[in-house]
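So the structure is just underneath, and the comments pick up after that.
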Amino acid sequence: MFGYAFVSVQESTGRAWIARYAGAMSSSPARHQPSAAVVYHPLKTDLAALRATVTAQEQVAGWAPTRWYETEEADAGVGATRQAMADGASLVMASGGDGTIRAAAEALRGSGIPLALVPQGTGNLLARNLGVPLGRFEDCVRAAFFGRGRTIDLGIATIVRADDTEDEHAFLVLAGMGLDARTISTTQASLKKRLGWLAYVDAGVRTMLKERPLEIHYSVDGAPASHLSVYTVMIGNCGLMPGGVLLIPDAKFDDGLLDVVALRPLGPFSWLRIWNKIGWENGVLRKTKTGRKLIDLVNDTKSVTYLQTRRFALSVTTPEPVQLDGDDFGLATAVNGAVAPGALVVRVLPEWVGHG
């Protein structure tokens with residue numbers, strides 16, 4: 001009798017404890033599911049195909065439904081990305097050209113929220129340097145949900161206008177003032193769409209042949225300003241351009257440095273020496289051990305000057321176009337900037353082999 005009573009009390013106590021535990025579990029919040037956001041350029045994105053791919057991958061990964069944000073003509077993606085962050089995005093995929101990806105990176109600067117690239121543009125500059133496969137957005141979406149984070153630097157440029165107003169922007173690959181910026185500002189959209197990056201090369205050669213060099217004052221890492229006559233001066237975070245052209249051989253996007261390259265007009269055929277340096281030496285010879293030895297045996301052309309810095313300042317006497325990652329940012333009398341080390345996390349797959 002006493003034994004039966006003891007068992008009954010035990011069973012009753014056990015059932016009560018289970019009931020209380022189950023009640024506590026049911027009242028506790030559900031396990032948090034991460035969610036992605038896609039910031040996309042509507043004219044450069046196959047939206048139906050991308051939606052299907054993202055939905056399939058998010059379900060395999062066990063993520064919550066992805067939110068979608070369309071860029072606007074007046075805003076390449078900074079506002080859309082900030083809205084995605086405010087809505088709680090765990091990751092942002094940027095689908096579009098270099099402008100969309102640059103804008104998303106600018107908004108994500110220092111946040112720790114990863115950026116995944118879905119390159120859909122003409123140059124796809126950062127994608128090329130990271131080794132992201134072009135034309136295969138299935139791999140890009142897989143990297144977003146299953147890839148690893150790689151921390152890279154950002155370049156920060158403060159653009160000073162003729163009326164002394166300033167605006168600050170990030171760049172991922174290249175900022176420039178001079179003939180490259182003039183070329184980008186004058187290249188017709190129809191030609192760019194038809195010929196792609198070749199439109200810039202064609203316009204750049206013609207511009208270099210007919211226009212006068214640019215007189216600039218520059219300073220690096222706070223040193224006194226110096227004068228230089230250039231075709232163009234560019235500040236690089238990455239070095240690889242379309243067509244396998246290695247514009248800045250020593251540039252690395254995670255070394256905490258920016259690389260300055262100045263193309264200088266020294267002599268009547270200096271543009272030929274410049275193209276030989278960039279196209280032949282950097283683009284071909286540096287790819288092999290034997291080729292690198294050949295470069296060391298010849299005198300380096302002074303028509304192409306390289307240096308590394310953490311801070312830079314450029315100024316001109318009359319307003320000149322400025323470009324960031326291949327997009328026109330209007331006229332400026334000065335551009336000041338610095339590197340932001342490790343300011344962006346990008347999602348990559350282990351098999352992607354990038355430059356830098």
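The values are calculated or read from the model by the stated rules, or taken from the named source; none is laboratory data. Here the structure is a predicted model, which is why all the values come from computation and not from measurement. Ideal geometry is used to build each Cβ from the backbone, glycine not excepted, and the neighbour counts take in all protein chains shown.
Quick notes
- The condition (being surrounded by 10 or more Cβ atoms within 10 Å (Cβ to Cβ), at pLDDT 50 or above, out of contact with any Asp or Glu (no Cβ under 8 Å at 6 or more places or on another chain) and of a type in the set (Ser, Thr, Tyr)) is satisfied by just one residue among TYR69, TYR21, TYR40: TYR69.
- Residue within the stretch 46-64 that is within 19 Å of the chain's Cα centre (by Cα), touching a residue at least 24 places away in the same chain (Cβ under 8 Å) and within 22 Å of ASN124 (Cβ to Cβ) present: no
- Any hit, the stretch 74-92, residues being of a type in the set (S, T, N, Q) and touching a His at 6+ places or on another chain (Cβ under 6 Å): no
- Among the residues of the stretch 130-150, the one identified as among the basic types (Lys, Arg) and at pLDDT below 95 is ARG136.
- The residue list ALA80, ALA104, ALA127 contains one member that is over 10 Å from the mean Cα position of the chain (by Cα) and either aliphatic (A, V, I, L, M) or at pLDDT 95 or above (or both), which is ALA80.
- When each of VAL132, VAL78, VAL141 is tested for being among the β-branched types (Val, Ile, Thr), crowded, with 24+ Cβ neighbours inside 10 Å and closer than 22 Å to ALA343 by Cβ, the lone residue that passes is VAL132.
- Boolean, GLY97 is in contact with a Pro (Cβ under 8 Å, 6 or more places away or on another chain) and closer than 22 Å to LEU246 by Cα: yes
- From the list GLY326, GLY342, the lone residue that is modelled with pLDDT of 70 or more, loosely packed, with under 14 Cβ neighbours inside 10 Å and in contact with an Asp or Glu (Cβ under 7 Å, 6 or more places away or on another chain) is GLY342.
- ASP221 passes every criterion in (1) over 25 Å from the mean Cα position of the chain (by Cα); (2) loosely packed, with under 13 Cβ neighbours inside 10 Å; (3) at pLDDT 75 or above apart from (1).
- Selection from the stretch 229-256 of residues that are surrounded by fewer than 16 Cβ atoms within 10 Å (Cβ to Cβ) and either acidic (Asp, Glu) or in contact with a strand residue (DSSP E or B) (Cβ under 8 Å, 6 or more places away or on another chain) (or both): SER229, ASP250, ASP254, GLY256
- The lone exception for GLY176 - which of (1) assigned to a strand (DSSP E or B); (2) at pLDDT 95 or above; (3) under 21 Å from HIS355 (Cα atoms) it fails: (2)
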